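> Have a look at this one before I ask anything.
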Amino acid sequence: MTDQHTLKDQLQTSDSLAEFLETTDASVNAQAQALIEGRWDREVPHDRAVAIVREELERVTAYDSISRNSSARSPRYMDLTDLELVSGYEFEHILAEILSRVDGEAQVTEASGDQGVDVVWFRESETVGIQAKAYDKQNPVGNSAVQEIYTGATVRNPEYEFDTAAVVTTSQYTNSAREAADNSDVTLYGRKQLQKWLDDAELDADGMGKILAEIR
């Protein structure tokens, strides 16, 4: 059985959750603990991590069963489960790539002076200042994110001439965040919209691996 040190090493070299699970023979509990300690930059309940691992293992098993009946294995595109497992810094870069594939071009701002604007999305029709929040779906985004992007987009507007300020998350929003967004004209993008972008972007494991390799 693989020990925790080896699991963490395997986790660092894996481009996706599916790849990590396929290359280890550890128990579900051990895999979940490695993910909590080695990948997430926030506290995630162990039971929730175990549930994510089990869901992904079921999906990988089903996918392998289907692919064995095919002449060639088609790429598995990234989905929300994969994005729940990356750090906030990684999510910013992955999100920029996703948005660039969907519409126009997106870039990550310099962390030292972003003023709450993590990603700038130059769409064909508008320029959007985005705060990116990679949260577990059980951990909703509060109104502080709305306040930060509103202030950040205002401060950096002379530089980018934003048309829209927005928050994008892998999770959901609290009622207070929605109320704050309504009052400050901030757009909130949640799991449903993010999944649509993922579907349109068709970002596979190789593409995600290249992004992570460039920023590590």
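The values are calculated or read from the model by the stated rules, or taken from the named source; none is laboratory data. Fair warning: this is a prediction, and the values are worked out from it, not measured in the lab. For neighbour counting, all protein chains shown are included, and Cβ atoms are generated from backbone atoms with ideal geometry for every residue, glycine included. When the accessible area is computed, the model is the full protein with side chains, heavy atoms only, and any ligands, DNA or RNA have been set aside. Shrake-Rupley method; radii C 1.70, N 1.55, O 1.52, S 1.80 Å.
> Has segment 66-74 got at least one residue that is of a type in the set (Val, Ile, Thr), surrounded by fewer than 20 Cβ atoms within 10 Å (Cβ to Cβ), assigned to a helix (DSSP H, G or I) and modelled with pLDDT of 80 or more? Talk me through it step by step, then tell me what you get.
First pass over segment 66-74, keeping only residues of a type in the set (Val, Ile, Thr): 66.
Narrowing further to those that are surrounded by fewer than 20 Cβ atoms within 10 Å (Cβ to Cβ): 66.
In the following step, the residues that additionally are assigned to a helix (DSSP H, G or I) were identified as 66.
Now restrict to residues that are modelled with pLDDT of 80 or more: none.
No, that holds for no residue.
> Residue 80 is checked against (1) within 30 Å of residue 157 (Cα to Cα); (2) at pLDDT 85 or above; (3) not charged (D, E, K, R) and fails just one. What number does that condition carry?
In the conditions (1) within 30 Å of residue 157 (Cα to Cα); (2) at pLDDT 85 or above; (3) not charged (D, E, K, R), residue 80 misses (1) alone.
> Can you name every residue in segment 158-193 that is among the polar types (S, T, N, Q), farther than 22 Å from residue 78 by Cα and open to solvent by 60 Å² or more (accessible area, probe 1.4 Å)?
Scanning segment 158-193 gives 175, 183.
> Determine whether segment 159-171 contains at least one residue that is assigned to a helix (DSSP H, G or I) and out of contact with any Gly (no Cβ under 9 Å at 6 or more places or on another chain). Steps first, answer last, please.
First, the residues of segment 159-171 that are assigned to a helix (DSSP H, G or I): 159-160.
Going one step further and asking which of them are out of contact with any Gly (no Cβ under 9 Å at 6 or more places or on another chain), we end up with 159.
Yes, that holds for at least one residue.
> Could you tell me whether any residue of segment 124-145 is under 30 Å from residue 49 (Cβ atoms), of a type in the set (Val, Ile, Thr) and either part of a helix (DSSP H, G or I) or in contact with a Ser or Thr (Cβ under 8 Å, 6 or more places away or on another chain) (or both)?
yes
> Okay, moving on. If I filter segment 115-141 down to residues being out of contact with any strand residue (DSSP E or B) (no Cβ under 8 Å at 6 or more places or on another chain) and free of Cβ contacts under 8 Å to residues at least 40 places away in the same chain, which single residue comes out as surrounded by the fewest Cβ atoms within 10 Å (Cβ to Cβ)?
Among them, the one singled out is 124.
> Moving to a separate point now. Can you pull out every residue in segment 84-114 that is modelled with pLDDT under 90 and in contact with a Leu (Cβ under 7 Å, 6 or more places away or on another chain)?
85
Yes/no per residue for (1) touching a Ser or Thr at 6+ places or on another chain (Cβ under 6 Å); (2) modelled with pLDDT under 75; (3) over 18 Å from residue 216 (Cβ atoms):
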site: 3; (1), (2), (3): no, yes, yes
site: 6; (1), (2), (3): no, no, yes
site: 10; (1), (2), (3): yes, no, no
site: 15; (1), (2), (3): no, yes, no
site: 34; (1), (2), (3): no, no, no
site: 46; (1), (2), (3): no, no, yes
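> Any residue at all in segment 87-104 that is under 25 Å from residue 36 (Cα atoms), in contact (Cβ under 8 Å) with a residue 12 or more places away in the chain and not in a helix (DSSP H, G or I)?
yes
> For residue 156, state whether it is at pLDDT 95 or above, basic (Lys, Arg) and in contact with a strand residue (DSSP E or B) (Cβ under 8 Å, 6 or more places away or on another chain).
No, not satisfied.
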